[in-house]
1. For Cys100, are the conditions met, namely being crowded, with 20+ Cβ neighbours inside 10 Å and modelled with pLDDT of 90 or more?
2. Inside the stretch 104-135, can you point out the residues that are at pLDDT 90 or above and either touching a Lys or Arg at 6+ places or on another chain (Cβ under 6 Å) or under 23 Å from Trp248 (Cα atoms) (or both)?
3. Return yes or no: is Ala186 at pLDDT 70 or above and surrounded by 14 or more Cβ atoms within 10 Å (Cβ to Cβ)?
4. Looking at the stretch 171-196 only, could you name the residues that are in contact (Cβ under 8 Å) with a residue 40 or more places away in the chain and either touching a strand residue (DSSP E or B) at 6+ places or on another chain (Cβ under 9 Å) or over 22 Å from Glu275 (Cβ atoms) (or both)?
5. Has the stretch 51-58 got any residue that is modelled with pLDDT of 80 or more, of a type in the set (Phe, Trp, Tyr) and surrounded by 15 or more Cβ atoms within 10 Å (Cβ to Cβ)?
6. I'm trying to understand the selection: among the residues of the stretch 30-60, which are over 13 Å from the mean Cα position of the chain (by Cα) and in contact (Cβ under 8 Å) with a residue 60 or more places away in the chain?
7. In this structure, is Lys78 surrounded by fewer than 17 Cβ atoms within 10 Å (Cβ to Cβ), among the basic types (Lys, Arg) and at pLDDT below 75?
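The values are calculated or read from the model by the stated rules, or taken from the named source; none is laboratory data. Not measured: the values here are computed from a predicted model. Backbone-built Cβ (ideal geometry, glycine too); neighbour counts: all protein chains shown.
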Amino acid sequence: MIWNNLLWIVMFLSLYGPGIMGNIFIFVKHVHTLVTGTERKPTDLILIQLAFSNITIICTLELKDIATDFYFRKFLGKIDCRLVVFLGRLARGLSICTTCLLSMVQAVTINPRITLWRKLKPQTAGQVLPYLFLFWIFNSLISSNLLHYITAVTNVNRSVVGTYGRYCYMLPSSPRVRWLFISLMALRDVVFQSLMGWSSASMAVHLYKHHKRVSYLHSSKCVNNSSPEIRATLSTLILMTCFLFFYWADFLFSCYTGFTGEHDYIISAIKSFLEPGYAVLSPFVLISRDVHVAKFWNIH
């Protein structure tokens, strides 16, 4: 147990720690730009919410899977379990919706010929607020069942297998309620990931056509790699790829463990890497983009 706990601490410091710091940097940077900047872009609010969602995901996973073993085990009661699990699912839903919105805004920005979606594109930071507000309402509703059915493991129910960790589990619910919320979550994931896939494909096609148009120029390579618009589009495509990879890897792995019933230490370690993978990696993709854009403007 001592070596297992030490490995969990090392995983937290090497994975969760940088992820939290990277997201805090993105959050503070875009809040500062939004408050003091002369040009407030719609993507500032989107990236603020994305960073906030990522921080919440990492923190709830930390509280649920690691910190309870060392510091807060006796404090994780019924209310705490409900809040931690509810915030974790809410943040994951916000991450899906916000990443999709970022992808669509970027797709319409670089390809103004998409007249249907251009009419819905927010032109100012204030016009983004209704979208983000709807995301909060929608994801709060489809996560609201957790506030009723999640409870803490006690001496009385300790024999029950915890669905949401060793100290929290979900009470039985009626099949109608269970399938209602499962259907709503599945519908959300299908709709937003379909839009994400469409916008990513649109951006990829546009970048390919752009490359073909300028391929005859001697400096085409420099243009393609240094233009702020191209860098923003490439970073958005990388974000979409990372999100889809970690989402489907975690989904398939969860299906495997659900069917086989295997829950050893190695499987737990892999799950602990897949669940926060996108939340940890995404801020560094955005930071890398900002560094390249800054170099572009310094050169010009």
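1. It is true that Cys100 is crowded, with 20+ Cβ neighbours inside 10 Å and modelled with pLDDT of 90 or more.
2. Phe135, the sole residue that qualifies.
3. No, not satisfied.
4. Leu195, the sole residue that qualifies.
5. Residues of the stretch 51-58 that are modelled with pLDDT of 80 or more, as a first pass: 51-58.
Those left that are additionally of a type in the set (Phe, Trp, Tyr): 52.
Retained after the next criterion (residues that are surrounded by 15 or more Cβ atoms within 10 Å (Cβ to Cβ)): 52.
Yes: the stretch 51-58 contains one or more residues that are modelled with pLDDT of 80 or more, of a type in the set (Phe, Trp, Tyr) and surrounded by 15 or more Cβ atoms within 10 Å (Cβ to Cβ).
6. Answer for the stretch 30-60, where residues must be over 13 Å from the mean Cα position of the chain (by Cα) and in contact (Cβ under 8 Å) with a residue 60 or more places away in the chain: Leu34, Arg40, Lys41, Pro42, Thr43, Asp44, Leu45.
7. Numbers: surrounded by fewer than 17 Cβ atoms within 10 Å (Cβ to Cβ): yes; among the basic types (Lys, Arg): yes; at pLDDT below 75: yes.
It is true that Lys78 is surrounded by fewer than 17 Cβ atoms within 10 Å (Cβ to Cβ), among the basic types (Lys, Arg) and at pLDDT below 75.
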